[in-house]
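Peer 1: There's a structure below that I have some questions on.
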Amino acid sequence: MVVEIDYEKCHLCGTYVEPICVDRCPCSAIRITDKKIEVTEFLCEDCNECGYACPDKAIKIKVVTF
């Protein structure tokens, strides 16, 4: 699976330090790069904690089939 970010919906909601998704990611796979959310796929465990926490509903897990 792959995390998909809808950048049109994402408003970098933020707490005092960083967006909620960055704070909630248990494996530190999400970070801010050039004022955008970026997911490091090999670190991501597809738990969707970021998606559940996102108030903008801008994050979802995309199922990849081969």
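The values are calculated or read from the model by the stated rules, or taken from the named source; none is laboratory data. Keep in mind it's a predicted model, so treat the numbers as computed, not measured. Virtual Cβ from ideal backbone geometry, glycine too; neighbours counted across all protein chains shown.
Peer 1: Of the residues ASP23, ASP34, only one is on the phi > 0 side of the Ramachandran plot and not aliphatic (A, V, I, L, M); which? Full working, then the answer.
Peer 2: On the way: ASP23 fails: on the phi > 0 side of the Ramachandran plot.
Just one listed residue meets the conditions, ASP34.
Peer 1: Which members of segment 2-19 meet the condition of being under 11 Å from the mean Cα position of the chain (by Cα) and either closer than 20 Å to LYS62 by Cα or assigned to a strand (DSSP E or B) (or both)? Lay out the reasoning, then the answer.
Peer 2: Residues of segment 2-19 that are under 11 Å from the mean Cα position of the chain (by Cα), as a first pass: 2-7, 10, 12, 19.
VAL2, VAL3, GLU4, ILE5, ASP6, TYR7, CYS10 - these are the residues of segment 2-19 that are under 11 Å from the mean Cα position of the chain (by Cα) and either closer than 20 Å to LYS62 by Cα or assigned to a strand (DSSP E or B) (or both).
Peer 1: Hey, GLU45 hits all of (1) assigned to a loop (DSSP other than H, G, I, E, B); (2) out of contact with any Pro (no Cβ under 9 Å at 6 or more places or on another chain) but one; which does it fall short on?
Peer 2: Just one mismatch for GLU45, condition (2).
Peer 1: Would you point out the residue of segment 34-66, among those that are among the polar types (S, T, N, Q) and modelled with pLDDT of 90 or more, that is nearest to the chain's Cα centre (by Cα)? Let's see the steps before the verdict.
Peer 2: Of the residues in segment 34-66, the ones among the polar types (S, T, N, Q) are 40, 48, 65.
Among the residues that remain, those that are also modelled with pLDDT of 90 or more are: 40, 48.
On the way: THR40: 10, ASN48: 8 Å.
Restricting to residues being among the polar types (S, T, N, Q) and modelled with pLDDT of 90 or more, the top hit is ASN48.
Peer 1: Separate question: Residue pairs, Cβ under 8 Å, 6 or more apart or interchain, first in segment 49-66 and surrounded by 11 or more Cβ atoms within 10 Å (Cβ to Cβ), second assigned to a strand (DSSP E or B) and of a type in the set (D, E, K, R). List them.
Peer 2: From segment 49-66, the pairs are GLY51/LYS60; ILE59/GLU4; LYS60/GLU4; ILE61/GLU4.
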